[in-house]
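Novice: Quick one: the structure is below, and I'll ask about it shortly.
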Amino acid sequence: MKKTALKWLTTVPVAVALAFSLAACGGGTGATSSGKSTDALAGSDQQSLDKYTTKDVTALDKIDKSALGLITPGTITVGTLSDAPPNIFIDKTGKFTGYDNELLRAMGAKLGLKVVFKSTDFAALLSQVANKQFDVGSSSISTTDARRKTVGFTNGYDFGYMAVVAKTDSAIKGFKDLKAGTRIAVVQGTVQDDYVTNTLKMEPVRFADYNTAYANLKNGQVDAWVAPSQQATGQVKPGDGTAIVESVVNTQNFTAYAVNSSNKPLTDALNSALDAVIADGTWSKLTKQWYPDRKTPATWSPGSKAVKVPKG
């Protein structure tokens, strides 16, 4: 797999009905609706990233749990996906798990709150958080400015990669090979959809979920799949006849949990809990567990500006 060390790029999961079904993206992604080019591979700088990162957080013992505006007192109700390993998925025992969800469980424990997950599609997730059907949205969400018009976000807990997946015998070996006439699969509403539609100026083949997009690549209905690398890694298996042919690092719009934009107490509490799990080594442990071969870019760090990732 070829990894190009460009500075920034954006990834995130989402969903919609099967190819060409253009149901409205409840998350307000700004991907295909704006028509404006937001080149995910163009690069950015740390200053533009840091403008959304808090300087510090409230001490955990100062958090008023009665003021968090939770749907169920004492419980964080979370909307998440079921099919996007290694970030958010349901395992063979029926448990919601994955990097994003296990990190959120650890954060809930720091706050003394129960965390309950419920399955949904990303196409509806952000609007469901905005409408207070869920307290939090957990699905490796890239924090674009367009999405901030719909929901609020915590500080960042992750970054990502954007990938091109193709057949092993394909002439497509990276982003440069995505040209007119290439049938490109995306999950609608994602930053990948935005990139193909508004930057490459091509009409992608849009699918409801990662499983379906990848299945159509394997059976030859599409020529390539532009995907978040995390989810591509979770789909591509030995013997499939496919490969992640290029993967580009992303830290431009960090990954964060979505919260109703009016619920600052909950956002503040989650930011405090995030700093706590970073400081005690939990973030590093989970990152190593779920991304054993990945290195965190030196230009990016999780949580508030005040917290430090422990060395070693």
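Novice: Within segment 37-64, which residues are at pLDDT 95 or above, among the charged types (D, E, K, R) and either over 18 Å from G152 (Cα atoms) or not assigned by TED's automatic domain parsing to the domain that holds V151 (or both)?
Specialist: D61, K62, D64
Novice: Also: Which of the residues belonging to segment 65-88 are buried (at least 16 other Cβ atoms within 10 Å of the Cβ), at pLDDT 95 or above and of a type in the set (V, I, T)?
Specialist: I76, T77, V78, T80
Novice: Sticking with this one: Out of V116, V129, I need the residue that is in a strand (DSSP E or B) and either crowded, with 19+ Cβ neighbours inside 10 Å or of a type in the set (V, I, T) (or both). Which one?
Specialist: V116
Novice: Does V136 satisfy the condition of being among the hydrophobic types (A, V, I, L, M, F, W, C), modelled with pLDDT of 95 or more and crowded, with 24+ Cβ neighbours inside 10 Å?
Specialist: Yes: the conditions hold for V136.
Here is a yes/no grid of residues against (1) within 22 Å of K288 (Cβ to Cβ); (2) under 11 Å from the mean Cα position of the chain (by Cα); (3) assigned to a strand (DSSP E or B):
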site	(1), (2), (3)
Q231	yes, yes, no
G234	yes, no, no
P238	no, no, no
V245	no, no, yes
N253	no, yes, yes
A258	no, yes, yes
T267	no, no, no
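This table checks each residue for (1) more than 25 Å from S301 (Cβ to Cβ); (2) in contact (Cβ under 8 Å) with a residue 60 or more places away in the chain; (3) under 14 Å from the mean Cα position of the chain (by Cα).
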residue: N101; (1), (2), (3): no, no, yes
residue: L111; (1), (2), (3): no, yes, no
residue: S127; (1), (2), (3): yes, yes, no
residue: D135; (1), (2), (3): yes, yes, no
residue: F159; (1), (2), (3): no, yes, yes
residue: T182; (1), (2), (3): yes, no, no
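The values are calculated or read from the model by the stated rules, or taken from the named source; none is laboratory data. Owing to the predicted nature of the structure, the values given are computational and were not obtained by experimental measurement. With ideal geometry, Cβ positions are generated from the backbone for all residues, glycine too; neighbour counts draw on all protein chains shown.
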